[in-house]
Amino acid sequence: MSNRSFALVAFAFAVAFAAASQLIPNEYFFTAAYTVLQFVILATAWNILGGYTGYVNFGSAAFFAIGAYSTVVLYNAFKAPLPVMIVAGTLVAGLAGLGLGYLTLRLRGVFFAIASLALSVVLFTFIVNWDYVGGARGAYVLQPREVPFGLPRYIHLLYVVMVLQAAVALVVARAIEKSTIGRGLAAIRDDELAAECSGVPTLRLKIFSTMVSCALMGMAGTTFPYYLSFIEPSSAFSLSYAVNSIAMPLIGGMMSWIGPLIGAILLGSVQQLVQVMFSLGAWNLLIVGALLVLFVTLAPNGIMGWVETWRRRKGH
Amino acid sequence: MEGSTALVVNAIIAGLLLGGFYAAVSLGISISFGMLDVVNIAHPAFIILGSYVAYIVNDRFGLDPIVVSLVLSPLFFALGMALYRVYYICFEKRGQESLRGLAFFFGILFITEVTLVLIFGVDYRMVSTAYGDVTWRAGDVDLPMRLFVPFVVSLAMVIGVQLFLTHTFFGRAVLAVAQDQLALRLMGVNPVRVKELAFALSIATAGVAGAFLIVIQPVQPSIGREYIGLVFAVCVLGGMGSIWGTLIGALVLGLAESFTSTFFGPSWAPAVSFGLLLATLAFRPSGLLGR
């Protein structure tokens, strides 16, 4: 399928899905689905760098928070309309990714991973000390009273936005994967030295994929302050984002765009269920951590890896 | 002494004491990451685990946490051996250490933290020691014993490890692994076995450092995260695989943090180590004493 037809299908599906789910009478569905979709975007974005290029980003929470806090800044400054906030958050996160990549991607991959961890603590400290966006106390970002497009509540709008953003993330990820850029990234992942020797512009490709990946993570965070109506550093920088956006692609499978999608829907829904049944956040995180370690040791290619082996066996 | 001079002198002393402790915390990473090329980002988890072990024994039996940690360090050694064996079989042997190995350690870090939260809650825990409330004073200059005792023991530990690495057969084998694994194999030494024991040593130092930590300040499970950047910052700043470099890097970082919290406020202190790490990676990735 060409990129254009995939994009058409993805957006048609997203619109149909978003429209159909408006019939669901249960408010909780939208709250829960928002979280799962958020993870779909984060996992897909992480996989562009992690899965395609082989560089581990531990700072997903930082880029997510950049998106969220750029919304807070725009809200405090001019109550900017939502689309402006989304675009701005995406751009700022992308620029941050560009900067981080430019500084550390010349070194071994480990250093990028450690620097990404470092970045989230530096940003966290910065936000905690920045009073304009609420500092450690947090800030209120109130949902507008009027909801456009005749939707009953603001959360419905946020949900629709999230569905569309997820579609954007998937289309971008798939387009990169199928393009020459994607092949270059795969070459870097398999053997960076060999790729460099064969004339693949490794540094430029790495920086590009970092930038796109981080921008999408920022995009996922832009509507977050409206979702909670209140934002504080510890919720925006929650470790849950970092660990989930790594665990989901690893569990789903990192080789193609569909793996993170499967991982995010599966793991995200399980976490929502656990939350509803036991209302214990810590157990949730324990499950994700345990699944991450189990999969990475016992099934390194994830669920899609199983599917591949099963297909190959059937083929013979 | 004038007020501001006393402030500076106190900041220097506090920074050096803190730096000594940071050296103990980063010693293990300097071995596992610097020499063995095992990127153990779960290292802080074992430090916190060490804190909690010291806390439990101190709480039940009233024993000194640092003595306890030294006595119990074989337990951490064994834990380290087991962990390296899993890591070797699942990742290093298959050549997947760069991505999946990292994710594995990240998962271990996470599981340890959440398990501790589930058992002990998020309350801060502390220990009672004979010297915890004692402070020596000379004029305006303070020397708190809760920082000084860990500082002395940690210096002893760092020097001990350095002597061990340079003066014993096994220690030299560890240094050789860091330089050329193939050559070691040709000499008839099994690098995997050497790495296993050296990694175990690194985890044992983490357990002891955990006891220092809980003597210095109250501990709760998630403060381990703050140490991830710190240990790597010290290791990279000092130069990969150099124990003296680690000591110098730790002292530099301790001083930088102490000055930041004295003159800009303690809420900025966590950013110092990470800022220093980012700056080192950007401008001098080989570190101060790097090869």
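So the values come out like this:
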item: Any hit, the stretch A:223-241, residues being within 14 Å of another protein chain (Cβ to nearest Cβ), over 16 Å from the mean Cα position of the chain (by Cα) and crowded, with 22+ Cβ neighbours inside 10 Å; result: yes
item: Hey, A:Thr297 over 16 Å from A:Asn244 (Cβ atoms) and either at the interface with another protein chain (Cβ under 10 Å from one of its Cβ atoms) or under 21 Å from the mean Cα position of the chain (by Cα) (or both) or not; result: yes
item: Options B:Val117, B:Val127: the member that is within 21 Å of the chain's Cα centre (by Cα) and surrounded by 13 or more Cβ atoms within 10 Å (Cβ to Cβ); result: B:Val127
item: A:Ala113 being crowded, with 20+ Cβ neighbours inside 10 Å, among the hydrophobic types (A, V, I, L, M, F, W, C) and at the interface with another protein chain (Cβ under 10 Å from one of its Cβ atoms); result: yes
item: Index of the failed condition, A:Pro25 passing every other in (1) in a loop (DSSP other than H, G, I, E, B); (2) farther than 28 Å from B:Gly224 by Cβ; (3) within 12 Å of chain B (Cβ to nearest Cβ); result: (3)
item: Residue identified as in contact (Cβ under 8 Å) with a residue 60 or more places away in the chain and under 20 Å from the mean Cα position of the chain (by Cα) among B:Ala6, B:Ala42, B:Ala82; result: B:Ala42
item: Positions within the stretch A:76-94 being of a type in the set (S, T, N, Q) and farther than 25 Å from A:Gly59 by Cα, in sequence order; result: A:Asn76
item: Residue among B:Ile41, B:Ile29, B:Ile108 that alone is surrounded by 20 or more Cβ atoms within 10 Å (Cβ to Cβ), touching a His at 6+ places or on another chain (Cβ under 7 Å) and under 22 Å from A:Leu239 (Cβ atoms); result: B:Ile29
item: The stretch B:162-181 residues that are closer than 14 Å to B:Leu197 by Cα, paired with ones that are assigned to a loop (DSSP other than H, G, I, E, B) (beta carbon under 6 Å, 6 or more apart); result: B:Ala173/B:Val189; B:Ala178/B:Gly241
item: Which listed residue is within 14 Å of chain B (Cβ to nearest Cβ), on the phi < 0 side of the Ramachandran plot and out of contact with any Ser or Thr (no Cβ under 9 Å at 6 or more places or on another chain), from A:Arg145, A:Arg137; result: A:Arg137
item: Looking only at the stretch A:116-134, and only at residues there that are of a type in the set (Val, Ile, Thr) and touching a residue at least 40 places away in the same chain (Cβ under 8 Å), the one that is nearest to the other protein chains (Cβ to nearest Cβ); result: A:Val128
item: Qualifying positions in the stretch B:269-291 - assigned to a helix (DSSP H, G or I) and not aliphatic (A, V, I, L, M); result: B:Pro270, B:Ser273, B:Phe274, B:Gly275, B:Thr280, B:Phe283
item: Every pair of residues 6+ apart whose Cβ atoms lie under 6 Å, when the first sits in the stretch B:269-286 and is at the interface with another protein chain (Cβ under 7 Å from one of its Cβ atoms) and under 19 Å from B:Ser258 (Cα atoms) while the second is part of a helix (DSSP H, G or I) and among the acidic types (Asp, Glu); result: B:Pro270/B:Glu226
item: Answer residue from the stretch B:1-47, given it is aromatic (Phe, Trp, Tyr) and more than 14 Å from chain A (Cβ to nearest Cβ) and is nearest to B:Leu79 (Cα to Cα) among those; result: B:Phe46
item: Selection from the stretch B:74-114 of residues that are of a type in the set (Lys, Arg) and outside any helix (DSSP H, G or I); result: B:Lys93, B:Arg94
item: Complete set of residues in the stretch A:177-212 that are surrounded by fewer than 16 Cβ atoms within 10 Å (Cβ to Cβ), assigned to a helix (DSSP H, G or I) and over 26 Å from the mean Cα position of the chain (by Cα); result: A:Leu193, A:Ala194, A:Glu196, A:Cys197
item: The stretch B:115-135 - residue that is assigned to a helix (DSSP H, G or I) and in contact (Cβ under 8 Å) with a residue 12 or more places away in the chain and, of those, nearest to the other protein chains (Cβ to nearest Cβ); result: B:Val117
item: Residue pairs meeting the criteria (Cβ under 7 Å; at least 6 apart or on separate chains; first under 16 Å from B:Leu255 (Cβ atoms), in the stretch B:139-157; second outside any helix (DSSP H, G or I) and of a type in the set (D, E, K, R)); result: none
item: Cβ-Cβ under 7 Å pairs, at least 6 apart or on other chains, the stretch B:91-112 side more than 7 Å from chain A (Cβ to nearest Cβ) and under 16 Å from A:Asn57 (Cα atoms), far side among the hydrophobic types (A, V, I, L, M, F, W, C) and in a helix (DSSP H, G or I); result: B:Glu97/B:Phe91; B:Gly101/B:Phe91; B:Leu109/B:Ala45
item: Hits in the stretch A:95-110 - residues which are of a type in the set (A, V, I, L, M) and more than 9 Å from chain B (Cβ to nearest Cβ); result: A:Leu95, A:Ala96, A:Leu98, A:Leu105
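Values in this text are rule-based calculations from the coordinates and carry no lab data. The structure presented is a predicted model; accordingly, all values stated were derived computationally and were not measured. Ideal geometry is used to build each Cβ from the backbone, glycine not excepted, and the neighbour counts take in all protein chains shown.
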